[in-house]
1. Take Asp392, Asp148, Asp459 and sort them by solvent-accessible surface of the protein heavy atoms, 1.4 Å probe, largest at the top.
2. Students sometimes get this wrong: rank Thr449, Thr33 by accessible area, probe 1.4 Å, all chains present, largest first.
3. Give the relative contact order (percent, whole number) for the range 365-499; include only Cα pairs under 8 Å separated by 6+ residues.
4. Which value, in Å², gives the accessible area per residue of the chain when a 1.4 Å probe is used on the protein heavy atoms?
5. If R0 is 60 Å, what FRET efficiency do you get for Ser28 and Glu472 from their C-beta distance, rounded to 0.05?
6. Residue farthest toward the positive end of the dipole of the chain, with Cβ of Lys/Arg at +1 and Asp/Glu at -1: which of Gln29, Ile397, Val417?
7. Could you give the angle, 0 to 90 degrees to the nearest 10, between helix 244-259's Cα long axis and the longest principal axis of the Cα atoms of the chain?
8. At 1.4 Å probe size, with no ligands or nucleic acids counted, give the accessible surface of Glu339 in Å², nearest ten.
Amino acid sequence: MSTTNDDKDTGKDGEKSAPPATPADVISQTSHTTTIGGRRLKYTATTGRIILKAEDEKEGEKPKAAIFFVAYTLDRPEDVSETEHLSARPVTYAFNGGPGSSSVWLHLGVLGPRRVVLEQDGHPLPPPYRLVDNDFGLLDKTDLVFIDPVTTGFSRAVPGEKDKQFHGFKPDIESVGDFIHLYTSRYHRWASPKFLIGESYGTTRSAGLSGYLQERHGLYLNGIALISVVLNFMTLAFDPGNDLPYILFLPTYAATAHYHKRLGDELQADMGRTLAEAEAFALGPYATALMQGDALPPDDRAAIIADLSRYTGLSPRYIESTNLRINIFRFVKELLREERRTVGRLDSRYTGIDRNAAGEVNEYDPSYALIQGPYAAMLNDYIRRELKFESDLPYEILSGRVRPWSFEENQNSYLNVGETLRKAMSMNPHLKVFVANGYYDLATPYLATRYTFNHLELDEGLRKNITMTYYEAGHMMYIHDPSLAQLKKDLDQFLDESH
């Protein structure tokens, strides 16, 4: 394992010491076995940091960043040539979002050969935590490459460069896309079927990459799996004058209220029917009412307040005070206020306890607090003990150091990469898209995702390339065992049908 010298100290008597070593790749390879679906698999794990370089007119290739990754490659059968093996095996590039998140969640939650053990419903067991072989992983279907963007995981800018230059929509797309190009070339995967799997802001990145990889590198994808989606930020931004989020979050408010038994008997009887009613109300009478603004007649306003109370479990008085517009950060505090509990944003099934019940918003997201400890501990242990990679850097699980995140290309507008995805699918009509939604996801609600895809203006002949799925869990639906099992089946089918 090689190391680099990041110091720039001077020597004795003010003499300059030798210049710092050129940043170099640091790679560890280990051999493993796992079992998926009763099939014993031998695979190689490649863990490390690859130096990403940029072309510089004066300096030639200039190191910019060290990108940390973990790759899993199924070992080649003895009777198959390397060329035949790699061209037959798909390769999937996976990452999470944030911005500022490492790939730990997809890595140790659903896709990789090892996963964190939680309770069946996603609650953590007491520490110390443990990993088990992941019978729901995807290594039986595809090789896997987990990527940590700069300032997440162990990825950093090289000495002399600043992490900040990577902290924005466009530079993030470019750096991750250039890494994918580099890995594809270096590990001879150009002839392989190629996929992306992104979660949360990772879906934003995936859609952006669908265009960047095609147009910059000529790298056409077979498929993209989007888990807990945000492509059009207008659907999530609770800004004055933007009524869209209030409409699109409403069915998820209803699902949350249903889970916590805050609805009337009729709506508590059948969640599927309740959500269908809530969707129809949200896209019909509620949307019409909000479009009228202050011109809404008093009788119509009273009727809308009554229906909002019925579907959300909130009091009519509270809804009146919000001007019929229920912000998600207020909702998670208000729903169970009488019980002195809050509900989660990433997964509204989970509840938290604030210091008092009088605040406007919650102190923390209880659904993130429940998973942070197990995933952080197991990732740090796993990388060092099983994958044999050592670093004294802190592994940035979900870092605030990337903020403020730059959207400078979208000043005075909302980022919408749906158009990038539409164009990529039009240029590459074989590109398939899989979309996974959690009913209890208050970060990227399912109706916002459906709205986005219904407004791509995608050619009718290409709409069959989109698969939309739903799970009775939250943003990270795979922490719920029944949803994990279903997600595995759905992803297997998607991969099989996309190459």
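The values are calculated or read from the model by the stated rules, or taken from the named source; none is laboratory data. Treat the numbers as computed from the prediction; the structure is a model and nothing was measured. With ideal geometry, Cβ positions are generated from the backbone for all residues, glycine too; neighbour counts draw on all protein chains shown. For the accessible areas, the whole protein counts, side chains as well, though only heavy atoms, and no ligand, DNA or RNA atoms are used. Shrake-Rupley method; radii C 1.70, N 1.55, O 1.52, S 1.80 Å.
1. Asp392, Asp459, Asp148
2. Thr33, Thr449
3. 21
4. 44
5. About 0.95, to the nearest 0.05.
6. Ranked along the dipole, the leading option is Gln29.
7. That works out to roughly 80 degrees.
8. Solvent-accessible area, nearest 10 Å²: 100 Å².
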